[in-house]
Amino acid sequence: MLTEKDFIATSYNSIESASFEWSAPSNIALVKYWGKKENQIPANPSISFTLNNCKTITKLDVVKKLENNSFSFDLLFEGKPKEDFKPKIQKFFERIEKYCPFLKDYHFKIDTQNTFPHSSGIASSASGMAALAMNIMSLEKTINPAISDDYFYSKASFLARLGSGSACRSIKGEVVVWGNHVQINGSSDLFGVEFSEIHSNFKNYQDTILLVDKGEKQVSSTVGHDLMHNHPYAERRFAQAHENLSQIKAILSSGNVAEFIKIVESEALTLHAMMMTSMPYFILMKPNTLEIINKIWKFRNGTQIPVCFTLDAGANVHVLYPESVKENVLQFIQDELVGYCQNGQYICDEIGNGAKSN
Ligand code: PMV
């Protein structure tokens with residue numbers, strides 16, 4: 001079992017220059033992470049589907065520099081310098097320096113882009129931090145070729161977590177668990193682990209993301225997680241996440257889609273209930289979010305087609321369904337849900353299997 005100390009790089013050599021490129025996907029949690037302790041340790045375990053199409057693609061150019069007393073990097077977003085992203089990267093480097101002490105030896109050019117429209121309300125921090133962490137691990141592997149594949153991916157997830165918690169679930173695997181859970185072998189608060197006992201009913205599971213509100217997030221996730229400190233229902237919620245993870249583990253293995261729907265929708269509404277009952281309190285759903293939820297329930301009751309929804313910390317709706325009912329559900333979305341999306345926009349995605357080297 002890897003511990004925090006195992007992630008401190010101690011022996012490595014030096015290179016003059018190198019270039020790497022990785023893409024990493026976004027992910028959608030089924031059992032939600034909401035609330036954290038010091039150092040990005042989650043207050044409860046979570047599990048997510050890795051997505052396939054919503055990705056960040058990041059190229060990292062590395063050049064050795066003469067002095068090594070500060071971090072040095074240029075940041076390009078969609079080919080243009082992006083100064084307002086720099087503080088986030090600077091903070092990320094500061095957090096991971098202990099584990100990657102070679103970072104100050106190099107100047108970096110970070111060239112990044114997303115496959116999904118920016119300001120779509122889809123968080124790019126998970127895919128963005130995961131893609132950057134993969135590139136940094138490629139650098140580490142170049143200066144220390146002895147590291148194993150297993151260590152490479154675990155440390156990439158560990159580093160991504162320090163950038164943005166849920167990013168640690170965007171590295172490897174179709175379904176990923178992050179956080180200690182008694183029933184998941186090898187699970188850790190430090191990094192995500194692949195959950196592989198998946199029934200074929202969940203193969204190529206679909207996620208159509210309905211863009212209800214593309215505006216800036218009303219509450220940053222940092223502020224949101226903080227609101228779980230001193231929250232009146234926090235302890236019960238954290239215990240419930242453990243229970244729901246036990247249940248969903250069994251459901252994913254047995255292929256029981258009806259039970260899957262119950263846990264997933266309850267988790268989405270619980271996440272929002274936590275925000276509505278914090279101090280200060282927030283409502284992140286919009287009227288159209290509720291319209292969509294009601295339409296999904298009506299359609300499901302009327303047709304018995306197993307389609308359900310989940311939400312992240314915003315108004316957009318993720319519509320989840322088996323590949324076998326794709327045609328019916330896309331028709332339903334076209335006929336009944338598109339009208340609730342901003343400019344009629346939605347994104348078709350499905351389960352994918354993690355970061356890729358380009
Ligand atoms: O990774 P963060 O700090 O942006 O938190 C993500 C929180 C949720 O998306 C709401 C839930 C989750 O588990 O992804």
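The values are calculated or read from the model by the stated rules, or taken from the named source; none is laboratory data. Remember, it's a predicted structure, so these values are computed and weren't measured experimentally. Don't worry about glycine lacking a Cβ; one is built from the backbone with ideal geometry, like all the others, and counts go over all protein chains shown. Quick note on the areas: whole protein, heavy atoms, side chains included, nothing else; ligands and nucleic acids left out. Shrake-Rupley method; radii C 1.70, N 1.55, O 1.52, S 1.80 Å.
Looking for whichever is modelled with pLDDT of 95 or more and among the β-branched types (Val, Ile, Thr) here; the options are ILE122, ILE89. Which one fits? So that I can check it myself, show each step before the final result.
On the way: ILE122 fails: modelled with pLDDT of 95 or more.
Going through ILE122, ILE89 in turn, just one is modelled with pLDDT of 95 or more and among the β-branched types (Val, Ile, Thr): ILE89.
Would you check if VAL182 is farther than 30 Å from LYS295 by Cα and within 14 Å of the ligand (Cβ to nearest atom)?
Spelling it out, it is not the case that VAL182 is farther than 30 Å from LYS295 by Cα and within 14 Å of the ligand (Cβ to nearest atom).
What single numbered condition from (1) closer than 15 Å to CYS308 by Cα; (2) open to solvent by 30 Å² or more (accessible area, probe 1.4 Å) fails to hold for ASP207?
With respect to (1) closer than 15 Å to CYS308 by Cα; (2) open to solvent by 30 Å² or more (accessible area, probe 1.4 Å), ASP207 is out only on (2).
Do you know which residues across region 26-49 are in contact with a Pro (Cβ under 8 Å, 6 or more places away or on another chain), surrounded by fewer than 23 Cβ atoms within 10 Å (Cβ to Cβ) and in a strand (DSSP E or B)?
Selection gives LYS36 alone.
Could you grab me the full set of residues in region 83-119 that are surrounded by fewer than 19 Cβ atoms within 10 Å (Cβ to Cβ), within 18 Å of ALA131 (Cβ to Cβ) and among the hydroxyl-bearing types (Ser, Thr, Tyr)?
Answer for region 83-119, where residues must be surrounded by fewer than 19 Cβ atoms within 10 Å (Cβ to Cβ), within 18 Å of ALA131 (Cβ to Cβ) and among the hydroxyl-bearing types (Ser, Thr, Tyr): just THR115.
Hey, LEU190 hits all of (1) in contact with a Lys or Arg (Cβ under 8 Å, 6 or more places away or on another chain); (2) assigned by TED's automatic domain parsing to the domain that holds LYS286 but one; which does it fall short on?
In the conditions (1) in contact with a Lys or Arg (Cβ under 8 Å, 6 or more places away or on another chain); (2) assigned by TED's automatic domain parsing to the domain that holds LYS286, LEU190 misses (2) alone.
Can you give me the number of residues within region 189-207 that are more than 16 Å from the chain's Cα centre (by Cα) and not charged (D, E, K, R)?
Qualifying residue count, region 189-207: 9.
Out of all the residues in region 69-89, is one or more on the phi > 0 side of the Ramachandran plot and in a loop (DSSP other than H, G, I, E, B)?
Yes, region 69-89 contains at least one residue that is on the phi > 0 side of the Ramachandran plot and in a loop (DSSP other than H, G, I, E, B).
Select from region 24-49 the residues that are among the hydroxyl-bearing types (Ser, Thr, Tyr) and within 17 Å of GLU267 (Cα to Cα) and list them in ascending order.
Listed by number, the residues that qualify are TYR33, SER46, SER48.
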